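Heads up: the structure comes next, in structure tokens.
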Amino acid sequence: MAFVAATLVPSAIPGRALSSPFREITWQDLIPKGVPYGEIIGPGQIDAVNDTWVPDYDDNASKVNTRLDGKGVKLPGYIIPFDVTSDGVTSFMLVPYFGACIHTPPPPPNQLVFVTTEKPWPSESMWDAVWVSGRLSAKSMSTQIADVGYQIAAEKIEVYKWD
């Protein structure tokens, strides 16, 4: 009978490590298979209130990978802070490269993830590359910086270690 229980619940075997509930993904995984990267197709417009340029993207920019909706994922990126308290950042945009949305036009919506966290990420680590782990939601939203294709309620945030 113990063999059957061990077969059904492999993590119950002594000495066996629990596997992560989060699958490591890349930014390319956020684009549906067969869909090219979204391109800027028009001059866009200036958002004078937020002092940002809002580019016009083709239809591919807003296509999200719905197969990832609700999945536990681990995605690397950089933080563009939204809500910062004395304890740290509680909501931010996760972007694929340093300076995105600040020094350059924002990436397409399907390359942006809005992250919320109950445990603030320390503000002294705000500019480090990070891993964000949590359930991915393929749900678009608009922010003061850009339109976003995904959201994550972070369960874990950690500094990205370069190999």
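Per-structure values
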quantity	calculated
Cα Rg, Dmax (largest Cα-Cα span) when computed across segment 69-143, Å	11.9, 32
At most 16 other Cβ within 10 Å, DSSP loop - trypsin sites (Lys or Arg not before Pro), segment 20-70	33
Gained length - residue 144 relative to residue 25, 0.36 nm times residue gap less alpha-carbon distance	40.2 nm
Reciprocal mean inverse distance between Cα atoms of the chain - Kirkwood radius, Å	17.2
Backbone N under 11 Å from the residue 91 label point (7 Å along Cα→Cβ), restricted to segment 105-149	114-117, 142-144
Summed side-chain charge close to residue 24 - residues other than residue 24 whose Cβ falls under 12 Å, Lys, Arg +1, Asp, Glu -1	+2
Ellipsoid semi-axes in whole angstrom, largest first, where each is sqrt(5λ) of the Cα gyration tensor of segment 120-163	22, 14, 10
Residues of segment 28-163: accessible area per residue with a 1.4 Å probe, Å²	54
Charge tally in the Cβ shell below 15 Å around residue 155, where Lys, Arg are +1 and Asp, Glu are -1, residue 155 excluded	+3
Trypsin sites (Lys or Arg not before Pro) lying in DSSP loop within segment 69-163, provided at most 12 other Cβ fall within 10 Å	139, 161
Cα-centred dipole magnitude for segment 61-158, charges only on beta-carbon of K, R (+1) and D, E (-1), debye, nearest 20	480
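The values are calculated or read from the model by the stated rules, or taken from the named source; none is laboratory data. As the structure is a prediction and not an experimental result, all values here were calculated from the model. Cβ: placed from backbone, ideal geometry, glycine included. Neighbour counts: every protein chain shown. Note: accessible area is taken over every heavy atom of the protein model, side chains too, but ligands, DNA and RNA are not part of it. Shrake-Rupley method; radii C 1.70, N 1.55, O 1.52, S 1.80 Å.
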